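Q: Below is the structure I would like to discuss, written out as structure tokens.
Just so you know, all these numbers are worked out from the coordinates, no wet-lab data involved. As the structure is a prediction and not an experimental result, all values here were calculated from the model. All Cβ positions, glycine included, derive from the backbone under ideal geometry; neighbour counts span all protein chains shown.
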Amino acid sequence: MEIPKILTKYDEHIQSYLKSIIDSHAKEDMRVYNMLKYCFGWEDQFGNKINATTGKGLRPSLCLFATESLGGSFDKSIYVASSIELIHNFSLIHDEIQDLDEFRHHRPTLWTIWGSEKALVSGDILRIIADISIENLLINKDDTALHLECTKLLTQACLEMIEGQYLDITFEKEINVSLEQYMNMISKKTGALIRCSLNIGALIASKNKNTLEVFRDAGTDLGYGFQIRDDILGIWGTEDSTGKPVGLDIKRKKKSIPILHAINAASDMRKEILIGIFAKEQISDHDVTIVLDIMDETKSLEYSENLSKEYCYKSIDHIYDAKLNQEFTNDFIDLAKFLALRDF
């Protein structure tokens, strides 16, 4: 699939600013900053310069898109967009340790190279640098109120993201998780930063309450669609595309949308089999095969794909309501469709 314009247009600016702010704090006797450069794909584990494949840069790109589409200041938005990306990567580093992920984007994760303790510290440093980045809004004294509002929104989003991570971990140990509980969890864990990215990007350009609400609502639905697609890839995604083995989320007992759908849609006998498997201390490869077979019977993949598309397309409807220049609207449409169909 062709990468949508929103994910390529701002990438060079985002990477350049992130490098500059991390370099500005790096110290020769503090290898932790080399760990951060490894995290962003700029260095290998030995400190050699590289250009490795990393994330999509979705969240900072959404922030910059929202600001630009409403005629706002790019120079102000880049500070906040980069702060959002730093917080996202802080969460990934901690998430990798909690989930014992050994690879991300086909590269060993930080904790597998430097250990959990140092990886945790590196994530904490990213969270602090995020605060420093957003403080650059104070360069202009007229932006004090904007800084306060952006900080408030981003802090709330960060809190919701961490709450969502807690719920996700908790649900792994529970059998009966409702769809409502699941949607609340992903609205926090994944949706909070995506929602904040569009909301805060719009805020930098506009004080119109209706406009801010439209962008916030678009972010809410895009977050749902994005995570549901992630749930699909966590079960059926190929290792070549995702860097993770097929069925990994089943082994982790993740209560993702395909699994919840299968439990609810299966016959009583098959439901008991699923509940029995997820009650086990460890799930075997054979168990994974059984779960996949049942999900095939219940058409859980088709259900999940349709649901992801539904939410991504609802986000497009919100952007129509913003009445943007057609070029920006088209760019968002391309992005939403890409996120609903991507294989990585």
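Q: Roughly speaking, what % of Cα-Cα pairs in the range 221-343 are separated by over 23 Å, rounded to a whole number?
A: 38
Q: At 0.36 nm per residue, minus the direct Cα-Cα distance, what do residue 156 and residue 310 gain on full extension? Give it in nm, one decimal, please.
A: So the chain would gain 52.8 nm between residue 156 and residue 310.
Q: Multiply the residue gap between residue 246 and residue 279 by 0.36 nm, knock off their C-alpha separation, and tell me the result in nm, one decimal place.
A: Result: 9.8 nm gained on full extension.
Q: Give, in nm to one decimal, the length gained when the segment between residue 116 and residue 183 is fully stretched (0.36 nm per residue of separation minus the Cα-Cα distance).
A: 21.1 nm
Q: Based on the Kirkwood radius over alpha-carbon pairs, what is the Stokes-Einstein translational diffusion coefficient of the range 16-162 at 20 °C with 1.002 mPa s viscosity, in µm²/s?
A: Values: Rh = 16.0 Å.
Roughly 134 µm²/s, to the nearest whole number.
Q: If you fit an axis through the alpha-carbon atoms of helix 116-134 and take the longest principal axis of the Cα set of the chain, what angle between them do you get, 0 to 90°, nearest 10?
A: 40
Q: In the range 1-106, which GluC sites (Glu not before Pro) fall in coil by DSSP and have 14 or fewer other Cβ atoms within 10 Å?
A: Qualifying residues, ordered by number: 2, 28, 102.
Q: Now for a separate question. Using a basic spin-label model with each label point 7 Å from the Cα along Cα→Cβ, how many nm lie between residue 323 and residue 75?
A: Output for this residue pair reads 3.0 nm.
Q: In addition: Pairs to check: 9/118; 254/299; 5/299; 56/323; 5/49; 141/207. Give those whose C-alpha atoms are more than 24 Å from each other in this structure.
A: With Cα atoms farther than 24 Å apart: 9/118; 5/299; 56/323; 5/49.
Q: Could you identify which residue out of 175, 93, 263 has the top mean-square fluctuation in a GNM of the chain using Cα springs shorter than 10 Å?
A: Largest GNM mean-square fluctuation: 175.
Q: So, one more: Determine which aspartates and glutamates satisfy two conditions relative to residue 337: a Cα distance under 15 Å, and not lying fewer than 8 residues away in the same chain.
A: Counting by Cα, and skipping residues close in sequence, residue 337 has these aspartates and glutamates nearby: 2, 221, 230, 305, 310, 317.
Q: For the range 221-343, calculate the relative contact order in percent as a whole number, restricting contacts to Cα pairs under 8 Å that are 6 or more residues apart.
A: Details: 131 pairs, mean separation 45.3, N = 123.
Normalised by residue count, the contact order of the range 221-343 is 37 percent.
Q: Which loop-located trypsin sites (Lys or Arg not before Pro) does the range 16-84 contain, where loop means any DSSP state but H, G, I, E or B and the Cβ has at most 10 other Cβ atoms within 10 Å?
A: Sparse-neighbourhood loop trypsin sites (Lys or Arg not before Pro): 27.
Q: So what are the chain's ellipsoid semi-axes, whole angstrom, largest first, if each one is the square root of 5 times an eigenvalue of the alpha-carbon gyration tensor?
A: 34, 25, 17
Q: Something else about it: Order by neighbour count: 46, 74, 226, fewest other Cβ atoms within 10 Å first, most last.
A: Working: 46 8, 74 14, 226 25.
Exposure proxy ranking, most exposed first: 46, 74, 226.
Q: Still on this structure: DSSP loop chymotrypsin sites (Phe, Trp or Tyr not before Pro) in the range 163-208 with at most 14 other Cβ atoms within 10 Å of their Cβ, which ones?
A: none
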